[in-house]
Amino acid sequence: MVSIKIFFDRSKKFVMLLKKNIQESGSRMVGLFYMDEGARNFFTVKAPVTKLSDIKGLKIRVQSSALMLDTIAALGANPTPIDYAELYTSLQTGVVDGAENPPASYYSNKFYEVAPYYVLDGHTFSPSVVLCSEITWNKLSKEDQQILLEAGKLTEEYNRNAIEAADQKAYADLKAAGVTITELEDPEAWQEAMAPVYKKHGARFLDLIEQVKNIK
């Protein structure tokens, strides 16, 4: 569900809300901690993206998942599944007009050489959660449970700091390489465009989506 574009942030409140949802979901699992690779952003070949209209009609490389195909289509672009190993050449030859990656991956793969426009839209965010079954959890002593929870907090904080540091270094390196980095002028329009995707892929989680959207 959290892969859907809802303009969330990676705040502690966001993580706490997701953990609470796991515990109340009836899944009989305990959420210990989350890790992630940061937000993914679009990058393009010919021109910067600052408004929703800028991405309409562009061929955007995505992985072959129903969620991402529907996401790109909802934004008015043309989803184009291509093997990741072929992406650099596909950008270079015009097979696609853009793609999406976290900043560190965009930089390390040198996609900026052929697609020098990067927009901080944060359209997806895919945390990985470490879970423990209630059966196993309840076999642990209170002391051991507390040790695991504290270790989880430290891991989340380390991951958050490491990703933010990697992002900031990537932005500095990208700017030095001449990349144009932009921000959205109309984030509300992007969010509104995603409404059909919320309903299709997040129908069971609409209440949670609203809670996440309202995090301050």
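The values are calculated or read from the model by the stated rules, or taken from the named source; none is laboratory data. Being a predicted model, the structure only gives us computed values, none of them experimental. Ideal geometry is used to build each Cβ from the backbone, glycine not excepted, and the neighbour counts take in all protein chains shown.
Name the residues in segment 97-112 that are of a type outside the set (S, T, N, Q) and free of Cβ contacts under 8 Å to residues at least 40 places away in the same chain, would you? Step through it out loud before you land on a result.
Narrowing segment 97-112 to residues of a type outside the set (S, T, N, Q): 97-100, 102-104, 106-107, 110-112.
Lys110 - this is the single residue of segment 97-112 that is of a type outside the set (S, T, N, Q) and free of Cβ contacts under 8 Å to residues at least 40 places away in the same chain.
Being under 18 Å from Ala47 (Cβ atoms) and in a loop (DSSP other than H, G, I, E, B) is the filter; apply it to segment 104-120 and report the residue that is modelled with the lowest pLDDT.
Leu120
Tell me, please, whether a residue that is closer than 27 Å to Gly57 by Cα, in contact (Cβ under 8 Å) with a residue 24 or more places away in the chain and out of contact with any helix residue (DSSP H, G or I) (no Cβ under 6 Å at 6 or more places or on another chain) can be found in segment 141-162.
no
Let's see how each residue does on (1) out of contact with any Pro (no Cβ under 9 Å at 6 or more places or on another chain); (2) closer than 25 Å to Arg160 by Cβ; (3) surrounded by fewer than 17 Cβ atoms within 10 Å (Cβ to Cβ):
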site	(1), (2), (3)
Tyr106	yes, yes, no
Ala115	yes, no, no
Asp121	no, yes, no
Val130	yes, yes, yes
Ser133	yes, no, yes
Trp137	yes, yes, yes
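Right, Glu156: of a type in the set (D, E, K, R), over 27 Å from Leu75 (Cα atoms) and at pLDDT below 95 or not?
Numbers: of a type in the set (D, E, K, R): yes; over 27 Å from Leu75 (Cα atoms): yes; at pLDDT below 95: yes.
Considered against the rule, which asks whether it is of a type in the set (D, E, K, R), over 27 Å from Leu75 (Cα atoms) and at pLDDT below 95, Glu156 comes out as yes.
Under 7 Å by Cβ, and 6 or more places apart or on different chains, what pairs join a residue from segment 29-56 that is closer than 23 Å to Glu164 by Cβ with one that is aromatic (Phe, Trp, Tyr) and in a loop (DSSP other than H, G, I, E, B)?
Listed pairs, sorted by first residue: Asp36/Phe125; Ala39/Phe125.
Tally up the residues in segment 52-79 that are outside any loop (DSSP other than H, G, I, E, B), in contact with a Lys or Arg (Cβ under 7 Å, 6 or more places away or on another chain) and surrounded by fewer than 19 Cβ atoms within 10 Å (Cβ to Cβ), please.
2
Any chance you could count how many residues in segment 80-103 are assigned to a helix (DSSP H, G or I) and either within 16 Å of His123 (Cβ to Cβ) or modelled with pLDDT under 95 (or both)?
1
Scan segment 126-141 for residues that are under 9 Å from Val30 (Cβ atoms) and of a type in the set (A, V, I, L, M, F, W, C) and jot them down.
Leu131, Cys132, Trp137
Scan segment 177-192 and report the pairs whose first residue is outside any loop (DSSP other than H, G, I, E, B) and whose second residue is among the β-branched types (Val, Ile, Thr), with Cβ atoms within less than 6 Å and a gap of 6+ or a chain change.
Pairs found: Thr182/Thr50; Thr182/Val119.
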